[in-house]
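This report refers to the structure that appears directly beneath it.
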Amino acid sequence: MDTIVKILSEFKGNYSTIIGLGGGSSLDVAKYVSFKLKKTKILIPTTFGSGSEVTRISVLKINGKKTSFHDDNLLADVAIIDPFFIRNTPMNIIKNSAIDACAQCTEAYDSKNANPYTRFFCKLAFDILEDSILNENYEMLPYGSLLAGLGFGNSSTTLGHALSYVYSNEDISHGHALAFTTTIAHKFNNSIFFDRFLKIVKKLQFTKINLKQDIQNASELILLDRKHLENNPRKVLKEEIVTLLNKINKNELRI
């Protein structure tokens, strides 16, 4: 949010369009700035995981914590998707972006807020992403990420994302956190995607994560994320969140 305040204070010229070029965080800043200024938005992703170019969501850090803003006026006027940008992208960025897209579409498929249309996009997205990752055909990632954005952007992610933000607040990248939190959430929810998602996570070889803060305090923060938890297909209690966080810390799924 500090970046947005700075941009709004420094750029007061007579211009009609704001172009967002970059990863999900850059696009979210561009979306929010253009939303505040009521300007046309052109979004061009250069990493492919957030799906931000086709969603009505902007995720920003407020006082060090990720906060999501939802509004139809955050939608892009034009989104340009080009697999050219995947070339020469470091593998660490590819795998963190790819698992983000996989988490979004699989969680959203299971969401209480899903419908036949969003599930169609989510399943198709995951099929494409899975094939792209397992067969290292990374030029298909942009298409899979786009479809994932159309799916989860019109429904909701769920428990995996709710669990992830306490790790992100400790500077673990969003995708890296989701590799563990969405896997454990799919196990908890008996998701049809659990085995396939776990196979992808193992293929991408993520290093173990560990929560530094007190798990009881972390669980209280997670419980405040009603948007994700209320759309989860299964009710989640505090003691269950504590158990899930402990399982992640102990890497009980052997990721």
(request) Mind listing whichever residues of the range 109-118 are assigned to a helix (DSSP H, G or I) and under 17 Å from the mean Cα position of the chain (by Cα)? (result) Tyr109, Asp110, Thr118
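Out of all the residues in the range 1-45, which are of a type outside the set (D, E, K, R) and part of a loop (DSSP other than H, G, I, E, B)?
The initial filter retains those residues of the range 1-45 that are of a type outside the set (D, E, K, R), namely 1, 3-5, 7-9, 11, 13-27, 29-30, 32-35, 37, 40, 42-45.
Across the range 1-45, the qualifying residues are Met1, Phe11, Gly13, Asn14, Tyr15, Ser16, Gly23.
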(request) Go through the range 135-170 residue by residue and tally those that are more than 30 Å from Asn217 (Cβ to Cβ) and assigned to a helix (DSSP H, G or I). (result) 14
(message) Consider the range 69-112. How many of its residues are closer than 20 Å to Thr182 by Cβ and crowded, with 17+ Cβ neighbours inside 10 Å?
(response) 19
(request) Consider Lys235 carefully, then state whether it is part of a loop (DSSP other than H, G, I, E, B) and either of a type in the set (Lys, Arg) or under 16 Å from the mean Cα position of the chain (by Cα) (or both). (result) yes
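Applying the selection to the range 8-37, what residues are among the hydrophobic types (A, V, I, L, M, F, W, C) and surrounded by 13 or more Cβ atoms within 10 Å (Cβ to Cβ)? Give the derivation first.
Taking the range 8-37 first, the residues among the hydrophobic types (A, V, I, L, M, F, W, C) are 8, 11, 18-19, 21, 27, 29-30, 33, 35, 37.
Scanning the range 8-37 gives Leu8, Ile18, Ile19, Leu21, Leu27, Val29, Ala30, Val33, Phe35, Leu37.
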(message) Here is a list: Ile255, Ile200, Ile222. Which entry is part of a loop (DSSP other than H, G, I, E, B), in the same structural domain as Asp131 (by TED's automatic domain parsing) and in contact with a helix residue (DSSP H, G or I) (Cβ under 6 Å, 6 or more places away or on another chain)?
(response) Ile255
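The values are calculated or read from the model by the stated rules, or taken from the named source; none is laboratory data. Keep in mind that what you see is a predicted model, and the values were worked out from it rather than measured. Here Cβ is always computed from backbone atoms with ideal geometry, including for glycine, and neighbour counts include all displayed protein chains.
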